1. Rounded, prolate or oblate: which fits the stretch 83-137, taking a ≥ b ≥ c as square roots of the Cα gyration tensor eigenvalues, rounded meaning a/c under 1.5, else prolate when a/b beats b/c?
2. Which lysines, on any chain, are close to Lys291 with Cα under 30 Å apart, when same-chain ones fewer than 8 places away are left out?
3. List, in order, the whole-Hz ³J(HN,Hα) value for each residue of the stretch 285-290 obtained from phi through the Karplus relation with A = 6.51, B = -1.76, C = 1.60 and θ = phi - 60°; use x for Gly and Pro.
4. Rounded, prolate or oblate: which one fits the stretch 87-172, using the alpha carbon gyration tensor with axes a ≥ b ≥ c (rounded when a/c is under 1.5, else prolate when a/b beats b/c, else oblate)?
5. Which label marks the calculated value of mean projected area of the Cα convex hull in nm², given the options (1) 31.0; (2) 18.6; (3) 19.6?
6. Quick one: work out the % antiparallel among DSSP beta bridges in the chain, nearest 5.
7. Does the stretch 302-366 classify as rounded, prolate or oblate by the C-alpha gyration tensor (a ≥ b ≥ c root eigenvalues; a/c under 1.5 gives rounded; else a/b over b/c gives prolate, otherwise oblate)?
8. How far is helix 238-251 tilted, in degrees, relative to the longest principal axis of the Cα atoms in the chain, given as a value from 0 to 90 rounded to the nearest 10?
Amino acid sequence: RSSKKIFIGVENMNQRENVISLLKRRGYEKAPIDFSLCPFLAQEYKKQIGSELSIADYFEFPWRGVGDLKSCSNDTNQFLKYYDFELKPGTFIDRWGVAHEPGSEAAKHMTYMRNPLKNATSLEEIQSYPFPDFLNADNSHQKKQAEEIHSKGLAAMGNMPCTIWETAWYVRSMEELMMDMMTDDIKAEYLLDRVTDISIHRAESFARAGVDILFLGDDIGMQRTVMMSEDLYVTWLKPRLAKVINAARAINRDIVVFYHSCGFVTPFIPHLIDAGIDVLNPVQPECMNFKEIHEQYGDRLSFHGTIGTQTTMPFGTPDEVRREVFKNLEIAGDKGGLLAAPTHLLEPEVPWENIMAYVKACSDFK
C-alpha cells in the first residue's frame, strides 16, 4: 500500500488530527479504534486487562464526549400522571418523560419503553406536555470539556443520538406517530417541530463549545427494509434533520456530522447526504453491502462501523475478525473514509479474544 501521508502532507499527527483527516478522506497514519461494551463485557475488561484506565483511555479511542446541556428540572414525578397503569419496580423515567421498565436478567441494560403521549387525542394535550427546558439549560461545562479533550490531542464529540424521529416516537409511540404522519395530522407537525427546535438548540450549543464531531441519529431502517416510505421520510424527517445540521454548520462550518441508523437504509443515503451528513454509522454488513455502498457514495460520504455484531464479532473466529477489518479498510483505501468498528454495542456473546483481534487488526493495518 502506498504511504497515506501523501494525501495530507503531515506526519506524526495526534489522534484528533488523524481521525478528522480519515473522516474527511484526506489520508491517515493509523487506523483508529472504537467500540462499546455492555455491562457484562465491561466487567470482563476489568478481569482480562486489570487496568484502572477507562476502556477509552486503555485502547486509545480517538475522541471523548462533551456533556449535553443540563436541563433545569430533574423532577420526573411530573410525568407519572401520563401513565394510567402501574410501572414495573425498578422503572426509571428520563427527562423526556419516557418510562423505561427493566429488562430481563440476561439483558439488564435493555429496557421496555412506555410512551407518555401514546393516548393523546388532541393537539392541546401535546402542546401542554412538559418538554425538557433546554433553552434555559446549563452549558457552562461544555467549552471547558472540549478544551480539555483537545489538550490531550483527542477529538471532542457532541452526542445527540435519537435526534428527531426516535425522540418523538419515544414520547408519542411509533404506531401513533406513524399514523399522525400518514394522515397529515397537525399533532405530528407540532411534536416533530418541537423536538427539532430542541435539537437545534443542543446542536448549536455543542458547536459553540468547539466540538469537532456532532453525532446525530435516528433508526430509520430495519433488518431487510426501510422503516417508512421514502416519501414519508422526505416529507417529515429530512428537512428537519437538515435544519439541525445547518444550525450547527452556521456556527462551525467544519464540524463533522455523524448519522446513526441501524438496519437497511440504502434508499435514504442520497437524502442523508443532501441533508448534510458526513459519516454514516454503522453500515451493518447483515443489512447492507459496504463495498457496493462505498463504490456508489464513497466520494461523498465516510463511514463508521461495518464489522458485524450479529455475525462476525460474536460468532466469528479471531482470524475472521481480522480479515473483515482488513477487507473493509482496503475497500476504503488510502484516503480513509472508514473508521472500522463493531456496528453496535458488544453483547455478552462476544468472546474477549475477538475484541482483542479487532484491536490488533486496526493496530497492524498499514
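1. Values: a/c = 3.14, a/b = 1.63, b/c = 1.93.
Verdict is oblate for the stretch 83-137.
2. Lys4, Lys5, Lys24, Lys30, Lys238, Lys327, Lys335, Lys360, Lys366
3. x, 6, 10, 9, 8, 4
4. oblate
5. From the options (1) 31.0; (2) 18.6; (3) 19.6, the structure gives (2).
6. For the chain, the DSSP antiparallel bridge percentage is about 25.
7. Since a/c reaches 1.5 and a/b is larger than b/c, the shape of the stretch 302-366 is classed as prolate.
8. 60
The values are calculated or read from the model by the stated rules, or taken from the named source; none is laboratory data. The structure displayed is predicted, hence computed values, not measured ones. In this analysis, Cβ positions are derived from the backbone assuming ideal geometry, glycine residues included, and neighbour counts consider all displayed protein chains. Areas reflect the complete protein model, heavy atoms only, side chains present, ligands, DNA and RNA absent. Shrake-Rupley method; radii C 1.70, N 1.55, O 1.52, S 1.80 Å.
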